[in-house]
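Reading through the structure tokens given below for one structure.
The values are calculated or read from the model by the stated rules, or taken from the named source; none is laboratory data. No experiment lies behind these values; they were computed from the predicted model shown. Cβ placement follows ideal geometry from the backbone for every residue including glycine, while neighbour counts extend to all protein chains displayed. Accessible surface is based on the protein model in full, side chains and every heavy atom, while ligands, DNA and RNA are left aside. Shrake-Rupley method; radii C 1.70, N 1.55, O 1.52, S 1.80 Å.
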Amino acid sequence: MKKVIVTLLIILLAAGAFIAYKAYDYAYSPNVTADNETYIYIPTGSNFDNVLEILRSSGKVNDMESFAKVADFKKYGEKVLPGKYKLENGMSNNDLVNMLRSGRQTPVNVTFISVRSLDILAGKVCPNIEADSAEIADLLKDENIATKYGFNKQTFCSMFIPNTYEFWWNTSAEEFVQRMADEYKKFWNDDRKAKANSLGLSQSQVSTLASIVESETQKNDEKPRIAGVYINRLKKDWLLQADPTVVFAAGDFSIKRILNKHLEIDSPYNTYKYKGLPPGPICIPSTKSIDAVLNYELHNYMYFCAKEDFSGYHNFAVTNAQHEANARRYHDALRKAGIR
């Protein structure tokens, strides 16, 4: 009888040891085979079954059955957190469940430098976050949203300061806009506000002028000088006569040369017809252009024209006669190059 009991105990101990070994193996043995940059995306509203399918489709988890058992034991299915998660080569089921259960996701970078419109901005942002471009675009067109943040339909785009921002992938359209509002407040520090006040311009007006400067040149070292020309014109109550505003008024961004017919367009954005700044920015200007306006160059120039060497830089003039001479040189260069 004693031998039978001892034998049974040995069997039970062996079985227990085997079960313990299998449990340890399920939890802590490597179960992920992944490259350096392997991610899974868990959408908002996903449940445990959705996560299992996402992992199965990734092809990176070697034994889905053992993962499911460990996840069930650790009650992961009770709270599935959305996001972008990095799969590391050699991860165990325990490592993977802990990462997913804690919501330890990998941030994403959203970058935009200078874009023409809020629609284009939405298209640039959506590949990096969960919210789709239509959802973001609809929100950006909502005048009530613009009003909520202290803007109107024409000035709302000035709230979006170009930069590289770190987000969680599962950011919603509303969260994106709120984050941009927060970044706008950070950008417009006391120093920038003081400079805008000294110009007699609101922050949105600074962005509007910066958008014109942005459209005139891509040369950052020249932007303060061009800004100075427009500020001189504003101070003298002259028409700004900025070609990019006419292109904006026409709504045809393929226009390469402004013709007389374009100058007749009746729009508040046509600065050949209406004095002062247009109602809002004609693009989302870069921070370089905004700071170029705030730190504009002091000079007496009232005109500028593209240089005849096609370098992208400009010739500047104090008088109209000087400007006409500069313009003739540029147009002669265009004719010689066969450009019309």
statement: Flagged in segment 101-129 as in a strand (DSSP E or B) and surrounded by 15 or more Cβ atoms within 10 Å (Cβ to Cβ), in numbering order, are 108, 110, 112, 115
task: Return the residue satisfying two criteria in turn: it lies in segment 62-75 and is out of contact with any strand residue (DSSP E or B) (no Cβ under 6 Å at 6 or more places or on another chain) and surrounded by 16 or more Cβ atoms within 10 Å (Cβ to Cβ), and of such residues it is farthest from residue 101 (Cα to Cα).
output: 66
query: Could you list, in sequence order, the residues of segment 250-261 that are within 32 Å of the chain's Cα centre (by Cα) and in a helix (DSSP H, G or I)?
result: 250
- prompt: Of everything in segment 216-273 that's in contact (Cβ under 8 Å) with a residue 60 or more places away in the chain and small (Gly, Ala, Ser), which residue is surrounded by the most Cβ atoms within 10 Å (Cβ to Cβ)?
  reply: 227
- line: When restricted to 292, 321, 327, the only residue touching a Lys or Arg at 6+ places or on another chain (Cβ under 6 Å) and small (Gly, Ala, Ser) is 292
message: For segment 140-160, give me the residue count where each residue is more than 25 Å from residue 106 (Cβ to Cβ) and either under 15 Å from the mean Cα position of the chain (by Cα) or open to solvent by less than 40 Å² (accessible area, probe 1.4 Å) (or both).
response: 9
message: When the residues of segment 33-53 are narrowed to those that are within 15 Å of residue 77 (Cα to Cα) and assigned to a loop (DSSP other than H, G, I, E, B), which ends up least open to solvent (accessible area, probe 1.4 Å)?
response: 46
- prompt: Got at least one residue in segment 289-310 being open to solvent by 40 Å² or more (accessible area, probe 1.4 Å), among the basic types (Lys, Arg), on the phi < 0 side of the Ramachandran plot and touching a His at 6+ places or on another chain (Cβ under 9 Å)?
  reply: yes
query: Residues in segment 172-189: is at least one at negative phi, open to solvent by 50 Å² or more (accessible area, probe 1.4 Å), over 20 Å from the mean Cα position of the chain (by Cα) and modelled with pLDDT of 95 or more?
result: yes
- prompt: Taking segment 292-319 as the region of interest, how many residues are within 30 Å of the chain's Cα centre (by Cα), farther than 17 Å from residue 330 by Cβ and part of a loop (DSSP other than H, G, I, E, B)?
  reply: 3
query: Just a yes or no: is a residue in segment 271-291 within 32 Å of the chain's Cα centre (by Cα), part of a loop (DSSP other than H, G, I, E, B) and over 30 Å from residue 186 (Cβ atoms)?
result: yes
Criterion: of a type in the set (S, T, N, Q) and at pLDDT below 95 - qualifying residue of 207, 254: 254
- request: Consider residue 163 carefully, then state whether it is under 12 Å from the mean Cα position of the chain (by Cα) and in contact (Cβ under 8 Å) with a residue 12 or more places away in the chain.
  value: yes
- request: Using the structure shown, decide if residue 334 is surrounded by fewer than 16 Cβ atoms within 10 Å (Cβ to Cβ) and of a type in the set (A, V, I, L, M).
  value: yes
- prompt: Would it be correct to say that residue 116 is basic (Lys, Arg) and modelled with pLDDT under 95?
  reply: yes
- prompt: Quick one: which of 98, 89, 93 is at pLDDT 95 or above and open to solvent by less than 20 Å² (accessible area, probe 1.4 Å)?
  reply: 93
task: Among what's in segment 290-340 and is of a type in the set (S, T, N, Q) and without any contact (Cβ under 8 Å) to a residue 60 or more places away in the chain, pick the residue that is nearest to residue 208 (Cα to Cα).
output: 315
